[in-house]
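The structure under discussion appears below in the form of structure tokens.
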């Protein structure tokens, strides 16, 4: 694990390790989070939003063409805005570890409560606020996630939202309205430990594991809250969506 900031724990993790298969050939030579949206790298949009909220200590995980990401933010003029530690999954294990595996790998670098967000989702108006962290810490839950209205490419959604603000692990045919997971969440380190996660902190074996099963198990125990975000949101998963964002 490469660390440019081995000091104070990071307040947020930006997920940037994916291969971006559906974005090929654009991602054959450029990591997906560095593809440009409205003049700047896609992952820089949420990073700038984090900085506006005062969250400047970051972990970025990488795999495919990950050195380009470190080189960009190491040399770019905005680098002084952030203190970035890198978890180079590709360098250490030959590929990405999926979301839960990647978070477990970076856990030694993260604070007790931390944001997680995807570097390939465009959500320009979302505000990362200290008050959201304070509410979450006071509530005692293991996670709080932001859901969005279902886009055309995910019409059946991912999770339900109860009237009491609890996230619901329900099936698509349960009759409960489901929304799409935005990828943004606030988490406690305890979510990535037993009984929800059996990967040791630091993930020394490089275990690949998705996040959804952890969230669903914690939802079943009433440990995940959620809210619906209705601002602009795009999962930049295809060249067509990227073109749409860049078309005036």
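Compute the FRET efficiency between residue 230 and residue 40 as 1/(1 + (r/R0)^6), taking r as their Cβ-Cβ distance and R0 = 30 Å, and round to the nearest 0.05.
0.80
Arrange the following residues from fewest to most other Cβ atoms within 10 Å of their Cβ: 183, 238.
On the way: 183 21, 238 14.
By the 10 Å Cβ count, ascending, the order reads 238, 183.
For the residues 144, 72, what sequence is obtained by ranking on other C-beta atoms within 10 Å, fewest first?
With the fewest neighbours first, 144, 72 line up as 72, 144.
Between region 162-225 and region 103-130, how far is it from one alpha carbon centroid to the other, in angstrom?
Taking the Cα centre of each part, region 162-225 and region 103-130 sit 15 Å apart.
Fewest first, what order do 182, 174, 83 take by the number of other Cβ atoms within 10 Å? It would help to have the intermediate numbers written out before the result.
Values: 182 22, 174 11, 83 15.
So the residues, fewest neighbours to most, are 174, 83, 182.
Any idea what the relative contact order of region 83-214 is, in percent, if you count C-alpha pairs under 8 Å spaced at least 6 apart?
39
Of the beta bridges DSSP finds with both residues in region 10-245, what % are antiparallel, to the nearest 5?
45
Report relative contact order for region 10-245 in percent, whole number only (criteria: Cα-Cα under 8 Å, sequence separation at least 6).
Computed over region 10-245, the figure is 25 percent.
Quote the FRET efficiency, to the nearest 0.05, computed for residue 92 versus residue 29 with a Förster distance R0 of 35 Å and r equal to the Cβ-Cβ distance.
The formula returns an efficiency of 0.95 here.
The numbers here are math on the coordinates, done by the rules we state, and not lab data. From a predicted model like this one, the values you see are computed outputs, not experimental measurements. With ideal geometry, Cβ positions are generated from the backbone for all residues, glycine too; neighbour counts draw on all protein chains shown.
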